[in-house]
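Participant: Below is one structure. I have some questions about it.
Just so you know, all these numbers are worked out from the coordinates, no wet-lab data involved. All of these numbers come straight from a predicted model, not from anything done at the bench. Counting neighbours? That spans all protein chains shown, and the Cβs are built from the backbone with ideal geometry, glycine included.
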Amino acid sequence: MSESKCRWGILGAAMIAKKNWDAIRNSGNGVVTAVASRKKASAQAFIDECQLSRPVRELPEAIEGYEALLQRDDVDAVYIPLPTGLRKEWVIKAAQAGKHVMCEKPCAVSVSDLKEMIAACEENNVQFMDGVMYMHSKRMPELRKVIDDGESVGKIKRIQSHFSFCAPEEFIQGNIRVSSELEPQGCVGDLGWYTIRMSLFAMNYELPQQVVGRQLSQHGREDSPSPVPMEFSGELLFQNGASAGFYNSFLTEHQQLVHISGSKGNITLNDFVLPWCGNEMSFEVNNAVFDFTGCVCVMEKHTRIHHIGEYSNNAPDSQETNLFRTFSKLALTGKPDPFWPEIALKTQIVMDACLESARNGSVPVDVKA
């Protein structure tokens, strides 16, 4: 391994990988050395397109076939944005080849598959991490501090989150996310991974005792063996009386809201996944006061905005750059951090339980670690 740079290989030419090409470029401790696709021409086209937009000094090599990339000595870590239905095979093969693994979300088709994937990484002493960018924003430690201060929220009672976009017709008819073979969890895997993770974060990664899932609409592209969730809501019930609700949809226009309510106040983020364009992030704390004196009834607004200086995207301190910088640092030390696979597994456990509930008429499902 290079003393100062983690050498990255990218398996597949997915659209999100273009953004992460730039994140690795900006990280300062990572460099893309190879890109693989089923056809070399596709890998080369990906490199050429990225080079036009965000050029690098040393061009990566285009590789035909994922196996060939894993055998290279100039690759320390792999980023795997392949469809969820293919990830288990290639995560395990990457780990067995001694490569650290950054895995796109949702990580796996099932909890059992993810456990096998994580076990392979542990056995080969390589880092496993999912690609949830917002986890690496400077806003998250500040949010943690405010949630835990005892006064801003108090005891958490309710978490509500929404993440959705209104997909165009070409997406609905042909995208891999409406194929049960490639992306069987549909909008729950693509979007629910984020809302579930935020609820777990707010609860300090305590698993809920019980969940209920409801599939509000479904659809499959023409070649899909079965339909996938297009619109979904879920409820998480925690031991201490707190609850969390989430809503995900491919049919509802852009929203990415989280609201954390408690015995003393509440916190609101309106852009928790993809921050609004700019060089500053924020969230709002509200400790409203209801004053009723004589005949005068007033609801007083007591809000404060927490501002965090951080660019929203494509910058050296953006959350996606921090994701790859953090991962590269772990890979370079050779000491994997078990926190990251642990929270990925918890997210998968909750997601699978919600889907199980929805498939069985929205009956409550007990959550088991």
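Participant: Could you pull out the pairs from LYS264/LYS346; LYS115/LYS329; LYS39/LYS105; LYS88/LYS138; LYS18/LYS39; LYS5/LYS335 whose alpha carbons sit more than 22 Å apart here? Before the final figure, lay out each step's value.
Facilitator: Numbers: LYS264/LYS346 28 Å; LYS115/LYS329 24 Å; LYS39/LYS105 24 Å; LYS88/LYS138 31 Å; LYS18/LYS39 18 Å; LYS5/LYS335 16 Å.
From LYS264/LYS346; LYS115/LYS329; LYS39/LYS105; LYS88/LYS138; LYS18/LYS39; LYS5/LYS335, over 22 Å: LYS264/LYS346; LYS115/LYS329; LYS39/LYS105; LYS88/LYS138.
Participant: Rounding to the nearest 10 and keeping the result within 0 to 90°, find how far the Cα-based axis of helix 339-359 lies from the longest principal axis of the chain.
Facilitator: 70
Participant: Could you work out how much longer the chain between ALA97 and PHE290 gets when fully extended? Use 0.36 nm per residue separation minus the Cα distance between them, nm to one decimal.
Facilitator: Details: separation 193, 0.36 × 193 = 69.48 nm, distance 6.16 nm.
Extra length available between ALA97 and PHE290 comes to 63.3 nm.
Participant: Using alpha-carbon pairs under 8 Å, 6+ residues apart, how would you state the relative contact order of segment 293-369 in percent?
Facilitator: Working: 27 pairs, mean separation 10.0, N = 77.
Value for segment 293-369: 13 percent.
Participant: Hey, if you put +1 on the Cβ of every Lys and Arg and -1 on every Asp and Glu Cβ in the chain, which of TYR66, GLN44, PRO341 ends up farthest toward the positive end of that dipole?
Facilitator: PRO341
Participant: Separate question: Full extension from GLU206 to LYS115: what is 0.36 nm times the residue separation minus their Cα-Cα distance, to one decimal in nm? Provide the component values of the computation, followed by the final result.
Facilitator: Details: separation 91, 0.36 × 91 = 32.76 nm, distance 1.86 nm.
Here the segment from GLU206 to LYS115 would lengthen by 30.9 nm.
Participant: Which cross-chain or sequence-distant (5 or more) residues have an amide H under 5 Å from the amide H of LYS157, H modelled 1.01 Å from N in plane?
Facilitator: SER261, GLY262, SER263
Participant: Still on this structure, I have one more. Pulled fully out, how much extra length does the chain show between GLU300 and GLU280, if you take 0.36 nm times their separation in residues and subtract their Cα-Cα distance?
Facilitator: Values: separation 20, 0.36 × 20 = 7.20 nm, distance 2.73 nm.
That works out to 4.5 nm of additional length.
Participant: A further question follows. Measure nothing fancy, just the Cα-based angle from helix 193-202's long axis to the longest principal axis of the chain, in degrees from 0 to 90, nearest 10.
Facilitator: Between the helix axis and the principal axis of the chain, the angle is about 50 degrees.
Participant: From the gyration tensor of the Cα coordinates in segment 1-110, what semi-axes in whole Å does the equivalent ellipsoid have, largest first, with each one equal to sqrt(5λ)?
Facilitator: Values: eigenvalues 78, 50, 36 Å².
Three semi-axes, in Å: 20, 16, 13.
Participant: Helix 84-96 versus the longest principal axis of the chain: what is the Cα-based angle in degrees, 0 to 90, to the nearest 10?
Facilitator: 60
Participant: Taking neighbour counts of Cβ atoms within 10 Å as a proxy for exposure, in what order, fewest first, do THR293, THR326, THR195, THR333 appear? Please report the intermediate quantities before stating the final value.
Facilitator: Working: THR293 7, THR326 18, THR195 30, THR333 10.
So the ranking, lowest neighbour count to highest, is THR293, THR333, THR326, THR195.
Participant: Decide, for segment 9-54, between rounded, prolate and oblate: order the square roots of the alpha carbon gyration tensor eigenvalues as a ≥ b ≥ c, take rounded if a/c falls under 1.5, and otherwise choose prolate if a/b is larger than b/c, else oblate. Walk me through the intermediate numbers first.
Facilitator: On the way: a/c = 1.98, a/b = 1.59, b/c = 1.25.
Note, shape of segment 9-54 comes out prolate.
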